[in-house]
Structure formats: C-alpha cells, structure tokens
1. How long are the three semi-axes of the equivalent ellipsoid for segment C:105-156, computed from the Cα gyration tensor as the root of 5 times each eigenvalue, in whole Å, largest first?
2. At 0.36 nm per residue, minus the direct Cα-Cα distance, what do C:THR130 and C:VAL70 gain on full extension? Give it in nm, one decimal, please.
3. Quote the FRET efficiency, to the nearest 0.05, computed for B:ASP35 versus A:ASP30 with a Förster distance R0 of 45 Å and r equal to the Cβ-Cβ distance.
4. Treating the point 7 Å from Cα along Cα-beta-carbon as the label, what are the nm separations from A:HIS76 to the other copies, to one decimal?
5. Report the calculated FRET efficiency for B:SER58 and A:ASP112 (r = Cβ-Cβ distance, R0 = 25 Å), to the nearest 0.05.
6. Every other copy gets compared here: list the nm distances from the B:ARG24 label point (7 Å along Cα to Cβ) to its counterparts, shortest first, one decimal.
7. What relative contact order, as a whole-number percentage, does chain A give when Cα pairs under 8 Å and 6 or more residues apart are counted?
8. How far is A:MET3 from itself in the other copies, in nm, if each label sits 7 Å out from Cα along the Cα-Cβ line, shortest first?
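Any read-out appearing in this document is the output of simple, stated calculations on the displayed coordinates, not a laboratory observation. None of these values were measured; they are calculated from a predicted model. Reconstructed Cβ throughout: ideal geometry from the backbone, glycine too, with neighbour counts over all protein chains shown.
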Amino acid sequence: MNMPGIEQIIALYASYAACLDEQRFNDWPDFFTSDCVYRVIPRENHDAGLPLATISLSGVGGLRDRVYGVTSTLFHAPYYQRHIISLPCVKGADGEALLVETNYLVLRTKRDQLSEVFNTGRYIDRIVMTDAGLKFAQKLCVFDSELIPNSLIYPI
Amino acid sequence: MNMPGIEQIIALYASYAACLDEQRFNDWPDFFTSDCVYRVIPRENHDAGLPLATISLSGVGGLRDRVYGVTSTLFHAPYYQRHIISLPCVKGADGEALLVETNYLVLRTKRDQLSEVFNTGRYIDRIVMTDAGLKFAQKLCVFDSELIPNSLIYPI
Amino acid sequence: MNMPGIEQIIALYASYAACLDEQRFNDWPDFFTSDCVYRVIPRENHDAGLPLATISLSGVGGLRDRVYGVTSTLFHAPYYQRHIISLPCVKGADGEALLVETNYLVLRTKRDQLSEVFNTGRYIDRIVMTDAGLKFAQKLCVFDSELIPNSLIYPI
C-alpha cells in the first residue's frame, strides 16, 4: 500500500479523540477494522508480558457491544473526557500495517468538579489502509497507573 | 485561497501558545483578523446552544481592550500558563475559512506552588489566510469544567 | 544543510519521549551531539538570565555520567514518566542549527498511586543534522514551577 504520511496519521488521531470526547460513541467502532483488537492494559502487565487487561475487545462486534454497555446498561456518573495526544512516532511497517505509537493523556471532568488527570499512557497501534480510509487493526492503550480514579467506563 | 498544509497549521498553534505562555499579551491580538470573534465558553452552554460565555470579545479592538485590562487594571495574583495543544483536526473549509479544531490543556503555576491542571477543552476555530499570514477569524475555547480554580484572567 | 521538515522534527521529539518513558536511559545520550549542552532550569532563573540550573550537563560524557547516576547510584523510589509534547515551533536557523521550541508536560506515576502532573515547561532546542540523523546540540528544559514534587531524578 501507499504508506500514509504524517498529515494523515495526525488526522486519524485527531478524529479519534474528537469522536470520543464528543461522546459520539456509536461512531467509535468505525475507526477499527472488522477483525481488530482493542485492549486497555496496565503498563506493569504489558511490560511483564502478562495478558490480564482491564478491557479486552475483539472485532468490531466486540466494540459495538461495549458501546451498548456504556450507553445503555452500565450505571455510572457521567463525566467528560478530553484527550491530549502527543506527537506520534511511526516505528515502521509490518506487512500491510503501519506501526505507530504515541503518548496520550485523558483528562476527566465530572459535573461541578475541576478537570483532573484521569489516565495517561501509550497507544501501541497497527494502522491499515482500507477502502474507507485509515483504520486501527490493533490499538493497545497501555496506561501507567494501576490505580484508576473510580472506574474506567468510556473508551480511551 | 491556497489551503494551508498541516505544517502551517502546526506553526500557527505553536506560535499562539508561545505568545500567551511567554506573556507577550500585546502580540496576542495579532493572531486574529480585524473582525474576529473570540469566546471562552463552558461546554455545557456550548452544547446546549446557550450563548452565555465566560469571555466574549469582538474584533481586534475588543481583544486589545482585554489585554489592557489584563496587564493594567485587573487585580490578580500572577501565574504562569503553559499550553499543551493536541493534534489538530482539519474539519473542512467554509468559503475562505479553514475549519480547524483541536483539544488543549492549560496548566497553571502560581509562585511557590506546584503546576496544576487549570483549564482543558477544545478550540473551535476558523482560520483564514491574510497578507500577514494565517489568522483566526473565530476562536471558541470550549472548556470542560464550569468550575475554574480562581478566576480566568489571561487568554486561553 | 537541508533543513528538516515538520515530519522529521515530530519523529525526533516522539522518539526522544519514547526513549525516556520506556526507561531506555542508556540510549538517551544518543539523541545529543558530542559537544551538547543539556540543562533543566527554572523559568524564573532563565527569564532573569541567571545561570543557576537544577541539572546542567555538558557533552555526551556528561549525559552518560548522569545516566550512570540515575541507574546505578542515586537512591530513589522508582516512578514512571510520561511525556506529552505539544506542537513544535520552528523559530528559525542559526548557522547549522535549527532553533525549535515546544511545550512539554511530564506526568509521573508512582507505584500504587495516581498519575499526576510532575513537570511542565518549554524545550528550547538547537537541532543539527548529523550523519546519524537529527541530534540535539542544545536542549534547555525551562520548567514553570520551582517546587518539584520530591526530586527530579530521570531526564526530562
């Protein structure tokens, strides 16, 4: 494939963050390939090669299921998320996939409270070009703190 | 017009942040067109279509007036600002204007205190090319928390 | 020299952040020229032209010495760092060097604690092209708060 340039990669991450922060959760699975892997995993487990993840989803169906849970069944106090995404690092290619990593920070704002650091870590992604544009074939969200303020509801 | 590329857009936001964080407030209006709109508005109001804004300025004259207030008349404890700007999202064009949105985080440091999260949200901007380079015809700073630690003095 | 474009500059900062955050400290000096200057300095001192810096290292040898200290002799509780780097600002050129500045935020996560704002400020860098790629001939880390939560151990 034609490897995407930095402009397209920036656009992908910026759109991804906007989708989540604007709470358009139904659009979120569209950023992934049909056979994708999405995992949110503590750094300690990831570094040690341990498989235990906080969230582990397979395929667009798994993501849609999660969205249904988040929007319809999980009982939680609502909060805003705000993604600050650092400069992305293109590590190379693996077959059809571009290997991209970038640090992220998610801030959380609860109603009538100050904004606060919620979750920070590193996206470890495999990005592929499809007929519908760039998609994540894999997105690992490897976060630094095992201690999460309350629970992690929305996708990271 | 020739649409600016990502390199020029990055340069614009990076220069904007530097101007504010270095407290060169007199240069701040130069980032705007003469008939600009600048608003700092809580997300809740923005999402509900309510007009009430924390700061609402029109035209470069309005901005210069605000700078005069900030530097000469408002009584406040000084603090440093530090803007961390996320990857920008080019949403499209509207006539002469480029529609660009990006998340931001402003950290605040008061004398003899730790740096802290001050304000986070989303810039919703209209950028136009002028003879003097790219300028903001509109900048909305839509912030997540209605609770602001003390008051918001300097531009965001 | 051929001036590097924004794509190469982004790659440099992204790789730099990854190196530190993954604690590959032995690779850290490789981002610098042999006769480099690396300083971590409070904003107040920097703005006043005062030379006193929190960390001041000269040459790759000075950096390797620091790495030895960090990894082998300094007694400290381990913590994770996470760099969020804002959009970089290319200020111009000075002879062979490209002058680049960018805001940064470093988050810290101690074991069994929440992630927190650790250090924020501005990189003021001189970047040169070498046979081994882009390197920092100078990196000043000008940070906003003189108050650092505990001590600053790892490079910023």
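1. Semi-axes (√(5λ), whole Å): 28, 14, 8.
2. 18.9 nm
3. Numbers: r = 38 Å, r/R0 = 0.84.
Given R0 = 45 Å and the Cβ-Cβ separation, E is 0.75.
4. In nanometres, ordered from closest: 3.4, 3.4.
5. Result of the calculation: an efficiency of 0.25.
6. 3.6, 3.6
7. Reported as a whole number, the value is 24 percent.
8. Distances between equivalent label points, in nm: 2.5, 2.5.
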